[in-house]
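Beneath this line is the structure, given in structure tokens, with notes to follow.
Any read-out appearing in this document is the output of simple, stated calculations on the displayed coordinates, not a laboratory observation. This is a predicted model, so every value here is computed, not measured. Glycine gets a Cβ as well: all are built from the backbone with ideal geometry, and neighbour counts include every protein chain shown.
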Amino acid sequence: MKTTDARCLVAIVVAAWLAFPDLVFAQADEIQVYDGGLAPVGTFNLTVHNNFTPKGGKIPAFAGAVVPDKSLNGVPEWALGVTDWFEAGLYMPLYSRDKNMGWGLDGFKLRTLFAVPNADERTFVYGANFEFSYNAKQWDSTRITSEIRPIVGWHLKPVDVIFNPIFDTSYDGFRNFVFAPSTRVAYNFQSGWALAVEEYSDFGPVKDFHSRSEQAHQLFWVVDRTGKPFDLEAGIGVGLTDGSDRLTLKLILSRDLNKR
């Protein structure tokens with residue numbers, strides 16, 4: 001990535017940060033848009049997710065919950081390429097550091113990812129990801145939850161457009177599914193770097209969406225690098241509504257542990 005590109009990215013992020021007041025946002029261990037990419041068959045991959053909220057909500061989502069403001073959340077994600085269209089994953093352990101409670105373990109997640117083979121080489125990509133979560137009491141008010149994440153995208157070279165219309169459930173009926181979509185638009189450089197804009201939302205339950213001010217909408221400016229010794233994704237997100245954190249930082253490091 002050129003120096004001028006990096007300076008422009010930093011200037012935009014700083015300007016956006018100064019423009020928004022203090023806000024509130026729900027916790028997340030993983031802030032990422034899925035593009036349908038799978039680990040090669042027989043390959044173990046490790047991805048480490050971390051996000052930190054320098055300026056966030058100071059009121060817990062429920063009694064005893066991790067407070068977003070100045071919290072660190074993360075998880076190692078272990079993945080195995082099973083076939084050219086199926087990848088199995090395990091998130092463990094989920095962890096967080098609350099400014100009041102200190103460090104804590106927040107549970108684990110099982111993941112199954114299905115996608116069209118060789119998604120990186122196709123113009124149109126699609127797939128679906130399913131997650132099963134076992135939550136600690138400070139992470140979610142419900143012990144067992146799940147995520148359904150359809151994946152739709154276009155690799156237009158050098159531009160990528162990816163959409164994940166996500167639904168979260170606590171197994172309390174279809175009408176209570178929470179709609180929390182994410183979107184990514186990226187420009188890929190031949191050097192292996194990419195600049196992207198990502199948007200993460202939480203509209204609330206499909207039976208009755210929250211009001212605009214209560215919804216969570218965060219806009220992230222992201223830089224990616226693919227190559228040795230690991231892939232990197234870093235981003236800065238700002239809240240767009242009263243239901244969002246003011247500022248969130250994310251860092252994702254990924255590496256294949258073996259090759260076949």
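Quick notes on this one:
- Considering only 213, 176, 166, the residue lying farthest towards the positive end of the dipole of region 163-233 is 166, judged by Cα position with unit charges set on Cβ.
- Cβ-Cβ distance of residue 161 and residue 58, R₀ of 35 Å, FRET efficiency by 1/(1 + (r/R0)^6): the value works out to about 0.45.
- Between residue 118 and residue 72, the C-beta separation translates, for a Förster distance of 45 Å, into a calculated FRET efficiency of about 0.80.
- Computed log₁₀ I(q)/I(0) - Debye formula, equal Cα scatterers, no solvent, region 100-143, q 0.14, 0.30, 0.33 Å⁻¹: -0.54, -1.04, -1.11
- Length gained when the stretch residue 212-residue 130 is fully extended (0.36 nm per residue, less Cα-Cα span): 26.7 nm
- Over region 186-253, the reciprocal of the mean inverse Cα-Cα separation, the Kirkwood hydrodynamic radius, stands at 13.4 Å.
- Overall form of region 66-107 per C-alpha gyration tensor (a/c, 1.5; a/b vs b/c): prolate
- With the convex hull of its Cα atoms as the shape, the chain has an orientation-averaged projected area of 13.6 nm².
- Dividing the convex hull volume of the alpha carbon atoms of region 138-260 by its residue count gives 162 Å³ per residue.
- For region 96-177, the equivalent ellipsoid derived from the alpha-carbon gyration tensor has semi-axes of 32, 17, 11 Å in decreasing order.
- Of the trypsin sites (Lys or Arg not before Pro) in region 173-237, those whose Cβ has at most 12 other Cβ within 10 Å and which sit in DSSP loop: 207, 212
- Around the Cα centre of the chain, unit charges on the Cβ atoms of Lys, Arg, Asp and Glu (plus for the first two, minus for the last two) sum to a dipole of about 440 debye.
- Adding -39500 (n - 2.57) for every DSSP H run of four residues or longer, then dividing by how many residues the chain holds, sets the calculated 222 nm ellipticity at -2000 deg cm²/dmol.
- A straight Cα-to-Cα reach below 21 Å connects residue 70 with the lysines 55, 58, 99, 137, 250, residues fewer than 8 places away in its own chain not being considered.
- Using alpha carbons only: equivalent-ellipsoid semi-axes of region 31-125, gyration tensor based, whole Å: 33, 14, 10
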